[in-house]
1. For R3, indicate whether it is touching a strand residue (DSSP E or B) at 6+ places or on another chain (Cβ under 9 Å), free of Cβ contacts under 8 Å to residues at least 24 places away in the same chain and of a type in the set (K, R).
2. Go through Q122, Q75 for me and flag whichever is more than 26 Å from M133 (Cβ to Cβ), out of contact with any Pro (no Cβ under 6 Å at 6 or more places or on another chain), outside the structural domain of L134 (by TED's automatic domain parsing) and free of Cβ contacts under 8 Å to residues at least 60 places away in the same chain.
3. If you check K168 against the conditions, is it more than 30 Å from F12 (Cα to Cα), outside any helix (DSSP H, G or I) and not assigned by TED's automatic domain parsing to the domain that holds E38?
4. Any idea how many residues of the stretch 93-125 are under 18 Å from I43 (Cα atoms) and in a loop (DSSP other than H, G, I, E, B)?
5. Let me spell it out: the conditions are (1) within 11 Å of F24 (Cα to Cα); (2) at pLDDT 85 or above; (3) buried (at least 18 other Cβ atoms within 10 Å of the Cβ), and E105 meets all of them except one. Which number is the exception?
6. Which members of the stretch 13-30 meet the condition of being in contact (Cβ under 8 Å) with a residue 40 or more places away in the chain and part of a helix (DSSP H, G or I)?
7. For S117, indicate whether it is among the hydroxyl-bearing types (S, T, Y) and more than 25 Å from N9 (Cα to Cα).
Amino acid sequence: MNRNEKQQNVEFLNEQFRSTSNAFLINYSGLKVVEATEVRRKIRAMDGNYVVVKNTLALRAAKETALEQLAPYFQGPTAIAFHPNDVVGLAKLLSDIGKGNPHFEFKAALVEGKLVSPSEIQAIASLPSREVMLSKLVFLLTAPLQKLASVLNAPLRDLGLVLKQVPK
């Protein structure tokens, strides 16, 4: 790789890093090519990115971005997985891949701009998805209104039941 290609890679990575505040650093050593291809396919299927990087280039690209906090973890074989929106979904996917492959392990992560350890990544992966959380929130917000409507309709309903029982 010549100097010009390296500069283009750094610029591309920097652009990617600026657009996200969520990333997972992964040690992929021992991962077979077929397994690595499968990992890429699964991450791309959920509109995420998976990039195997050279540490020196990644450190240059991470300067003045949120990923600069991960600088101490760019050692050894490193892959970066990131998704612009669905951090929990990506953490679940990566955690599932890690369960099936002992060579695939987390180094560290950056979630919403905060540094996260590998043990905390497992906790994030156990969270419900965004859609489930939003549906629970909507249910909690509408429950009091449904109860109020039920209480307001009760006298009319009860009157109707009493009138129905009166013989004709």
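The values are calculated or read from the model by the stated rules, or taken from the named source; none is laboratory data. Predicted model, so just to flag it, every value in this text is computed and none were measured. As a convention, Cβ positions derive from the backbone with ideal geometry for all residues, glycine included, and neighbour counts pool all protein chains shown.
1. no
2. Q75
3. yes
4. 3
5. Single failed check for E105: (3).
6. L13, N14, Q16, F17, R18
7. yes
Each row is one residue, and each column tells you yes or no for (1) assigned by TED's automatic domain parsing to the domain that holds R40; (2) touching a strand residue (DSSP E or B) at 6+ places or on another chain (Cβ under 7 Å).
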| residue | (1), (2) |
| --- | --- |
| V87 | yes, yes |
| G100 | yes, no |
| K107 | yes, yes |
| L145 | no, no |
